[in-house]
Structure formats: C-alpha cells, structure tokens
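Here is the structure we will look at, set down as structure tokens.
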Amino acid sequence: MGPVLFALVWVLNFGISVWNAYAVGKVWVEARHENGWHRFMCWMGAVMSACGFTWCYLSFLVLTASYFQWITEQQAMVSLNLGYILLIPFLLFAGYAITLDSWVRAYRQGGFLNYGVAAWNTYANIHNTYSAWQNLGGAFTSLGDFFKGERKGGKDGGAGAIVVVILLVALALLAGVITTAVIIRRVAATDPLPQQPADSLESVGEKKG
C-alpha cells in the first residue's frame, strides 16, 4: 500500500471512528434510561469507535517511531501484529452484533437505506472474518518468535524491545478509549434527559413519601 493510499485509508478510518462515537453520544442518555438491547448496541458502537481510534493511533505511532529509527522494522511489525490480535476479537463481536441489529431493522422497517446498511455490515463482517482467518495465524507466529528471541537476548534489545512494543500498543489503546469516551460524553451532555410522563413522576414521589 502506497503512502497516499495509506493516508486516505487512515483518514477514512479516523472519520468513521469519530462518526461512530458521535452517533453513540447522540443516543447515550436515552439508552441509559431504556437499558436492554438499545444500551447494549450503544456499547457495541463505542467498542467499534475505540478499536478504530486505537488502530489509527497505533499505526501513526509505529510509523513515526520507525521513521525516526526509534524502533526496528521487526518491532514495528510486531507492534502492529499485537494490536491486531488484541483488537480483532472486539471488532468481530461488535461487528456481528451491529450486523444482527441492522438485519432486524431492515426486516421490520424496510427501505433502501436500511437494506443498504445491512448489506454493507454483512460484507464488512465477512471481510473481517476472512481477514482474521488468513492473518491471525501469522500474527501469532510472528509474535511468538519475537518474544521468544528477545527473552533470550535478541539483537533488537532483549527485554527493552519487548517493553517498547507493549508500550506502543498500550498507549494507542489508552488513547483510543479516551478519545471515544470524550466524544461520547461531550455529545451526550448536549442532549436533555428524556421527559417522563407526569403520572410517572407523581407515582415516584408517592413512593418516596
């Protein structure tokens, strides 16, 4: 993948992550009051957003560190593989939950947009599942070889190289979660609490009294 294409994909993924967090924030307050499936789906959207941000931050950190030769090429690849291994289970689980929800919406509500969303989600999950099937084995092998070699005093710096790899992934993960949480909280803070019926408020007051 060339640098221009990579930059476009990076910006697209970052933008999708922002939109996911924003969309979750818009319904966060309502979902907290409803609980159930609605709230579960909000969490799934938040997971997808956090994973997207984490991958964007990790790739940026790894490329920057590699460009300035702060890490070796092997460390860069292992960092990306470790990030992939950690994120793919969450991506698949949240992705299938969102796909199931889009199928239900398409069946109940119909409409070109709902069918299109369901079709796209289905394609994306099939693609992600196939990618995981193809790449997880190699990622685990690469990770195992690296950690085994560095524990024995590898040429890339021994235990220090392992620490650098883990630190890069941890920083990206922390930044991804924080970014998602900040966007959701800021957007949710602009939405008023859902109004309760007057009789419901009266009954609550009677119980407290």
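Worth a mention:
- Residue in region 1-54 that is farthest from Ala97 (Cα to Cα), counting only those that are surrounded by fewer than 20 Cβ atoms within 10 Å (Cβ to Cβ) and among the polar types (S, T, N, Q): Asn13
- For Ile71, the conditions (1) in a helix (DSSP H, G or I); (2) of a type in the set (A, V, I, L, M, F, W, C); (3) open to solvent by less than 90 Å² (accessible area, probe 1.4 Å) are fulfilled apart from (1).
- Taken as a whole, region 163-171 holds at least one residue that is more than 22 Å from Met48 (Cα to Cα) and either at pLDDT below 65 or surrounded by 14 or more Cβ atoms within 10 Å (Cβ to Cβ) (or both).
- Residues located in region 74-91, provided they are open to solvent by less than 50 Å² (accessible area, probe 1.4 Å) and farther than 14 Å from Met48 by Cα: Gln75, Ala76, Val78, Ser79, Leu80, Asn81, Leu82, Gly83, Ile85
- Filtering Ala65, Ala94 for residues that are under 12 Å from the mean Cα position of the chain (by Cα), open to solvent by less than 60 Å² (accessible area, probe 1.4 Å) and touching a residue at least 40 places away in the same chain (Cβ under 8 Å) leaves a single hit, Ala94.
The values are calculated or read from the model by the stated rules, or taken from the named source; none is laboratory data. These numbers were taken from a predicted model, which means no experiment stands behind them. Every residue, glycine among them, receives a Cβ derived from its backbone with ideal geometry; neighbour counts consider all protein chains shown. These area figures cover heavy atoms from the full protein model, side chains too; ligands, DNA and RNA do not enter into them. Shrake-Rupley method; radii C 1.70, N 1.55, O 1.52, S 1.80 Å.
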